[in-house]
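Written out below as structure tokens is the structure these notes cover.
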Amino acid sequence: MSSAPLLQDKIAIVTGAARGLGEAIARAYAAEGAKVVVSDIDAAGARQVAASLPGAIAAGCDVRVPEQVEALVNTAVSHYGRLDIMVPNAGVAHVAPLVATSYEQWREVTSVNLDGVFLCIRYAAPAIIAAGGGHIIPIASVTAKAACALIGSYAAAKAGVMSLTQTAAIELRAHKVQVNAILPAFIETELVTSHRAEFEQQLNIPDFNAVIAQRQGRYGTAQEVAQLAVFLASGRASFSNGSGFVLDGGVSSSLL
Ligand SMILES: NC(=O)c1ccc[n+]([C@@H]2O[C@H](COP(=O)([O-])OP(=O)(O)OC[C@H]3O[C@@H](n4cnc5c(N)ncnc54)[C@H](O)[C@@H]3O)[C@@H](O)[C@H]2O)c1
């Protein structure tokens with residue numbers, strides 16, 4: 001006996017969904033019956049992903065820009081009539097020690113990773129409340145809990161995302177909006193592969209992949225993140241609110 005799709009006819013926005021974890025989440029949501037607004041600053045990439053998903057639409061959006069995030073939510077509501085799920089996923093990293101990070105680089109990382117999540121919550125929450133409740137699932141990082149050399153601006157932003165998650169959970173609980181974050185360790189997406197050589201050079205390690213294998217056991221997969229995002233959006237985690245769900249092969253809770 002096959003079970004009913006977990007997200008049948010739910011309306012979801014996923015930001016940063018042209019590739020990587022966002023794309024995997026959009027695909028997993030569509031496979032569970034959701035209608036997805038595939039959003040990214042890379043509008044062409046978003047269109048390509050949306051074209052392959054039943055019922056999906058694409059929307060270009062730079063999550064740093066309040067008017068664009070507001071317009072993104074309005075697009076979902078005007079096209080589908082409601083919004084049930086928001087996944088603030090868009091993110092970028094800059095790899096350098098804090099003392100070699102310029103203010104502009106700091107602002108770039110914190111504006112996408114932290115301001116962007118604030119704006120997604122700020123504009124999506126009223127629409128989700130109007131739909132009778134739903135879910136906001138920020139993609140934070142295990143660096144919200146444990147430091148990682150060379151990505152201090154990223155980690156600070158992700159710690160801020162965890163704090164926003166907790167505040168939003170409490171403020172929105174009475175409106176039946178659950179807010180839970182996902183905190184992955186290293187997943188082998190472009191975010192990681194594009195910075196691998198910088199980690200090797202600046203940390204003086206010959207093989208970043210070998211360090212990952214030793215610390216995490218292996219890279220996590222985008223599908224593993226997406227399956228947790230499905231579970232959190234499905235309502236089955238009904239007593240979880242303001243929580244950070246760690247996906248890290250055990251690395252943040254072990255010394256060796
Ligand atoms: N890959 C990992 O190891 C890992 C681990 C923990 C957390 N995360 C988080 O998961 C999320 C997705 O990361 P990923 O690994 O898929 O990265 P990725 O680089 O593969 O994809 C990121 C996507 O975000 C989009 N984006 C960038 N700036 C944007 C902006 N201003 N507005 C809208 N979209 C924008 C990019 O175009 C891209 O499609 C990020 O928040 C990242 O911090 C990733």
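The values are calculated or read from the model by the stated rules, or taken from the named source; none is laboratory data. Remember, it's a predicted structure, so these values are computed and weren't measured experimentally. Note that we place each Cβ from the backbone using ideal geometry, even for glycine, and neighbour counts take in every protein chain shown.
Here are some notes:
- The helices (runs of 4 or more DSSP H) found wholly in the stretch 179-226 and carrying at least 1 residues that are modelled with pLDDT of 95 or more and more than 11 Å from the ligand (Cβ to nearest atom) occupy 196-203, 208-216.
- In the stretch 1-60, residue farthest from the chain's Cα centre (by Cα) [restricted to those that are of a type in the set (Ser, Thr, Tyr) and at pLDDT 95 or above]: 52
- Qualifying residues in the stretch 33-44 (those that are under 26 Å from residue 3 (Cα atoms) and assigned to a strand (DSSP E or B)) - the one farthest from the ligand (Cβ to nearest atom): 35
- Among (1) part of a helix (DSSP H, G or I); (2) within 13 Å of the ligand (Cβ to nearest atom); (3) of a type in the set (A, V, I, L, M, F, W, C), the one test that residue 30 misses: (2)
- Applying the set (1) at pLDDT 95 or above; (2) surrounded by fewer than 17 Cβ atoms within 10 Å (Cβ to Cβ) to residue 256 leaves exactly one unmet item: (1).
- Residues located in the stretch 93-146, provided they are basic (Lys, Arg) and either within 30 Å of residue 201 (Cα to Cα) or within 12 Å of the ligand (Cβ to nearest atom) (or both): 107, 145
- Inter-residue pairs, beta-carbon under 6 Å, first closer than 16 Å to residue 140 by Cα and in contact (Cβ under 8 Å) with a residue 40 or more places away in the chain and in the stretch 73-95, second within 12 Å of the ligand (Cβ to nearest atom) and assigned to a strand (DSSP E or B), 6+ apart: 86/13; 87/14; 89/14; 89/139; 93/151
- Enumeration of residues in the stretch 1-27 that are within 11 Å of the ligand (Cβ to nearest atom), surrounded by fewer than 24 Cβ atoms within 10 Å (Cβ to Cβ) and part of a loop (DSSP other than H, G, I, E, B): 19
- Check on residue 169, over 30 Å from residue 45 (Cα atoms) and surrounded by fewer than 17 Cβ atoms within 10 Å (Cβ to Cβ): no
- Out of 64, 47, 82, sole residue that is within 16 Å of the ligand (Cβ to nearest atom), part of a loop (DSSP other than H, G, I, E, B) and not aliphatic (A, V, I, L, M): 64
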